[in-house]
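Every read-out reported here was derived from the displayed coordinates using simple, explicitly stated rules and does not represent laboratory data. Being a predicted model, the structure only gives us computed values, none of them experimental. Ideal geometry is used to build each Cβ from the backbone, glycine not excepted, and the neighbour counts take in all protein chains shown.
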């Protein structure tokens with residue numbers, strides 16, 4: 001059962017955006033996906049409450065940062081959204097139960113510096129060192145024309161961690177989230193550029209090339 005953990009010690013870097021859209025992709029592929037939210041703010045869980053009944057189902061279960069319970073039987077895919085400040089034994093426990101750890105990173109020097117230390121800690125975790133868990137970085141809210149984006153690219157190139165892709169700064173994610181939806185819940189023509197940017201992430205996860213849903217379940221975006 002694939003388990004993907006989305007983690008970064010800083011808040012506001014796009015963890016919930018990444019986690020909800022990844023869960024949305026699995027749901028669009030008709031997988032029995034569970035979205036776990038270990039963040040006390042419960043952003044992902046609140047987002048699920050907004051999700052319309054007409055959308056592909058994404059389920060959740062009782063979970064907290066101090067006790068990561070196994071998902072219910074029948075689950076085929078798991079995505080875990082995590083809190084800011086994640087470290088120590090909580091981080092180690094999450095890494096042990098995962099197959100993939102995805103670290104979202106914004107093109108900000110403060111975010112880059114904080115994430116650099118976090119990535120070193122992750123890389124030192126035994127399952128990562130032994131190749132049992134894959135570790136990757138995703139650039140979030142990136143405008144590739146800016147100097148900040150160049151900074152981010154230089155930083156990532158200096159890491160021994162693959163960069164899975166860069167997701168642009170767009171209102172599509174914001175507007176869809178307000179309706180409990182993801183890129184994969186609307187007509188492809190409305191989010192084609194954003195869907196394309198997920199190719200590297202999904203290929204790294206061993207998934208098929210991305211396609212948005214042909215069914216438009218909301219007036220959002």
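Enclosing the Cα atoms of region 54-137 in their convex hull gives a volume equal to 130 cubic angstrom per residue.
Kindly put 47, 204 in sequence by how many other C-beta atoms sit within 10 Å of each C-beta, fewest to most.
On the way: 47 26, 204 17.
In increasing order of surrounding Cβ atoms, one gets 204, 47.
Note on 54, 60: ascending count of other Cβ atoms within 10 Å places them as 54, 60, the fewest first. The alpha-carbon atoms of region 96-168 define a convex hull whose volume equals 77 cubic angstrom per residue.
Tell me the relative contact order for the chain as a rounded percent, counting alpha carbon contacts under 8 Å between residues six or more apart. Present the calculation step by step, with values, prior to reporting the outcome.
Details: 420 pairs, mean separation 51.5, N = 221.
Relative contact order for the chain comes out at 23 percent.
Beta bridges per DSSP, both residues in region 3-204: antiparallel share near 5 percent. When semi-axes √(5λ) of the Cα gyration tensor in Å is computed from the coordinates, the matching label among (i) 25, 22, 15; (ii) 31, 19, 15; (iii) 36, 18, 15 is (i).
For region 84-207, the mean projected area of the C-alpha convex hull, equal to one quarter of the hull surface, is 8.5 nm².
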